[in-house]
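K.L.:
One structure is given below, represented as C-alpha cells, and several questions about it will come after.
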Amino acid sequence: MAPPATSTCAEQTRSDGYAPRRPEDTLLHALVSEHWPRFRERAEAQGGLPKFVEEEFDAYLRCGILEHGLVQLACRGCGHEMVVGFSCKRRGFCPSCLGRRMSDIAAHLVDAVLPEVPIRQWVCTLPWRLRCALGYDRRLCADVLGAFTDALKRSLRGRAKRKFGLRSVRDAQMGALTFVQRADSALRLNVHFHTLALDGVYVRDEEDELQFRELGEPTTEDVAQVAAWTHASLLRVIKRHGRSMEGISDVDSFASDQPVLASCYGASAADVQLLGAAAGRKTAKLVRPLRLVRGMSATALAEVGGVNIHAAVAVDGRDRQRLERLCRYIARPPLSLERLEAHPDGRVRIRFKSPWKDGTHSVLLDPLDFISRLCALIPPPRFHMLRYHGVLAGHSRDRAEVVPQELVKDESCSPTGDAQQLLFEPAPPLSPPPPPSRHPWAYLLRRVFAIDIMTCPECQGTMRVKTIATEASEIQAILGTVPRARPPPPLRQLELDFAAA
C-alpha cells in the first residue's frame with residue numbers, strides 16, 4: 001500500500017518518510033489516460049463494454065487527482081496544512097486502492113479472525129480451459145471453490161480421526177478463509193484460490209470446550225488426495241452447470257451478451273494477443289537461461305487433471321507479524337507499479353517478481369492489449385473475493401470460541417468522525433459509535449509504514465480535517481492554481497478486431 005496523499009505545502013518527502021502520491025506521473029496512469037478512450041470508442045462499435053468496466057477505468061483516472069476532490073488537513077498548533085486526494089475505492093487494478101484494501105484485510109484477519117494456532121497456505125490452481133468461465137460466473141466460481149474446500153475439509157477431518165482416535169470425522173472442526181485471485185504474474189486471467197487453513201482441527205473436550213489439535217505437515221499422499229478429490233468434485237460441478245472441460249460453450253449467454261469483454265477474457269486466459277496485426281499469436285515474452293532452479297519439496301505439490309495443489313507454506317499463528325505479511329500476500333494487488341515499464345519499441349513490459357522455470361522473466365504487451373487485460377482483471381459486481389469456511393465462517397456457532405477479540409482501533413489517527421469536531425468546533429458528547437467496518441487510512445499508514453500522518457511534521461501537533469472540497473471553485477481556492485486539463489491523446493488508426501479472440 002503506497003502512502004496515498006498529496007501535499008500542496010511541500011512536494012518533497014516529509015521527515016518521517018511520507019512522500020506525496022502523484023498518480024498522474026505514473027506509467028499506469030499515462031497508459032490508461034492515453035489508450036483507454038480509444039479502446040472504449042472502438043469497443044462500442046463491437047457492442048460495448050459493461051457499465052462496471054467503464055466505471056472502473058473512469059474512477060481510476062480520477063483517483064488521487066486533487067482537481068477531482070480533496071480533503072484539507074491542518075495542524076491546530078502551527079497551522080501547517082496538507083491536502084489529500086479522494087481515492088476510487090475500486091477492486092480492479094488501482095495499485096493504491098487495492099494496496100489499502102490488502103492492508104485493511106490483513107489487519108482485520110490478524111486482529112479479529114485468525115487464532116494463534118499453526119496456519120498453512122493451500123493454493124489451488126485450475127485447468128486453463130475453465131479460467132475464462134470462472135472469471136465472470138460467480139456461481140460457478142463459488143461451487144468450484146466449494147469443491148476444493150470440501151476436499152480440504154475431508155482430508156483434515158480424516159487425518160484428525162486417524163491421528164487422535166476420534167469416533168467420527170464430525171467431531172473435528174476445520175477453519176479456513178480463501179482469497180480469490182484473478183491474475184498471475186503475466187497479468188493473465190487466472191482465477192485461483194489462496195486458502196489459509198488452520199493446520200489442525202478443533203475438538204470438544206469432556207467439558208464441552210473447543211480445543212485445538214495440530215496435525216502438522218501433510219504428506220505427499222495427503223496433498224495428492226486433496227487434488228484427486230477436488231478434480232472429481234470439479235467434474236460433477238461443471239456437469240451440473242451444463243458446461244464441459246472445454247470452457248465456454250457456443251450457447252454461453254455471456255459470450256453473446258458481452259462479446260467484447262468475452263474476447264478480453266478469452267485472450268487473457270489463453271495468453272494470446274487480442275488486437276493489432278499480431279492478433280491471435282502468443283504474447284511475446286523475454287527469456288534468459290537460469291543457472292540454478294530451486295526444486296520444490298515433493299510433499300508440497302500435487303496435480304491431477306489440471307488441478308494443482310500447493311501446500312508448502314506454513315506459519316506459527318503466534319507470530320502475528322509474519323502472519324500479517326502472509327495475509328497481505330494472498331490479498332495483494334494484481335499489478336505492481338515497480339514492475340511496469342515502457343519498452344523501447346512502444347510496448348509495455350511487465351517484469352515478474354521471480355522468473356518462471358523456463359527462464360521467462362517478463363512479458364511484452366501492446367498498450368491496447370494491456371488495456372484489454374486490465375478489463376479482464378475487474379471482478380463483476382457481487383463477485384466476492386474473500387470467503388470464510390468452517391469455524392471461521394460468520395454463520396458458524398463455534399466462531400465466537402475461536403476468533404480472537406478484535407483490538408480497539410486507535411481513533412486518534414482516524415480522519416473520520418463528527419463533522420463539528422473535525423472542523424475544530426466544540427461538539428456535544430455522543431454515545432460511542434459502532435466499530436467501523438474498515439480500518440482508517442491513517443491507522444493503516446501507521447501500522448504498515450510506521451508513519452503517523454495525523455501528526456504535524458513541523459511541531460508534532462495533531463492534524464485535523466479542515467475542509468472537504470468537492471466543487472471546482474473550492475478546490476481551486478485551496479490549491480491556489482487553476483487546474484490545467486490534460487489534452488486528449490490523438491486518435492490512431494488501429495485495427496481492433498475483438499472477435500479474433
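K.L.:
Looking only at region 42-98, filter to residues that are of a type in the set (A, V, I, L, M) and in a helix (DSSP H, G or I); which one of those is farthest from LEU337 (Cα to Cα)?
P.N.:
Among residues in region 42-98 that are of a type in the set (A, V, I, L, M) and in a helix (DSSP H, G or I), the one farthest from LEU337 (Cα to Cα) is ALA43.
K.L.:
It is to be established whether one or more residues within region 329-336 are of a type in the set (Lys, Arg), outside any loop (DSSP other than H, G, I, E, B) and open to solvent by 70 Å² or more (accessible area, probe 1.4 Å).
P.N.:
The answer is no, given that none of the residues of region 329-336 is of a type in the set (Lys, Arg), outside any loop (DSSP other than H, G, I, E, B) and open to solvent by 70 Å² or more (accessible area, probe 1.4 Å).
K.L.:
Scan region 193-203 and give yes if some residue there is open to solvent by 30 Å² or more (accessible area, probe 1.4 Å) and either of a type in the set (Phe, Trp, Tyr) or over 22 Å from LEU326 (Cα atoms) (or both), otherwise no.
P.N.:
Scanning region 193-203 turns up no residue that is open to solvent by 30 Å² or more (accessible area, probe 1.4 Å) and either of a type in the set (Phe, Trp, Tyr) or over 22 Å from LEU326 (Cα atoms) (or both).
K.L.:
Working only within region 130-153, note down all residues that are charged (D, E, K, R), crowded, with 17+ Cβ neighbours inside 10 Å and outside any loop (DSSP other than H, G, I, E, B).
P.N.:
Of everything in region 130-153, those that are charged (D, E, K, R), crowded, with 17+ Cβ neighbours inside 10 Å and outside any loop (DSSP other than H, G, I, E, B) turn out to be ARG131, ASP143, LYS153.
One line per residue, one yes/no per condition, for (1) within 24 Å of TYR443 (Cα to Cα); (2) touching a residue at least 12 places away in the same chain (Cβ under 8 Å):
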site	(1), (2)
TRP36	no, yes
GLU44	no, no
LYS51	no, no
LEU61	no, yes
GLU67	no, yes
LEU73	yes, yes
MET82	yes, yes
SER87	yes, yes
LEU98	yes, yes
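K.L.:
Report yes if some residue within region 294-308 is exposed (fewer than 14 other Cβ atoms within 10 Å of the Cβ), more than 30 Å from GLU54 (Cα to Cα), out of contact with any helix residue (DSSP H, G or I) (no Cβ under 6 Å at 6 or more places or on another chain) and hydrophobic (A, V, I, L, M, F, W, C); otherwise report no.
P.N.:
yes
K.L.:
Could you check region 167-187 and list, in sequence order, the residues that are part of a strand (DSSP E or B) and of a type in the set (A, V, I, L, M, F, W, C)?
P.N.:
Within region 167-187, ALA176, LEU177, PHE179, VAL180, ALA183 qualify.
The values are calculated or read from the model by the stated rules, or taken from the named source; none is laboratory data. Here the structure is a predicted model, which means the values were calculated and not measured. Ideal geometry is used to build each Cβ from the backbone, glycine not excepted, and the neighbour counts take in all protein chains shown. Only protein heavy atoms, including side chains, enter the accessible area calculation; ligands, DNA and RNA are left aside. Shrake-Rupley method; radii C 1.70, N 1.55, O 1.52, S 1.80 Å.
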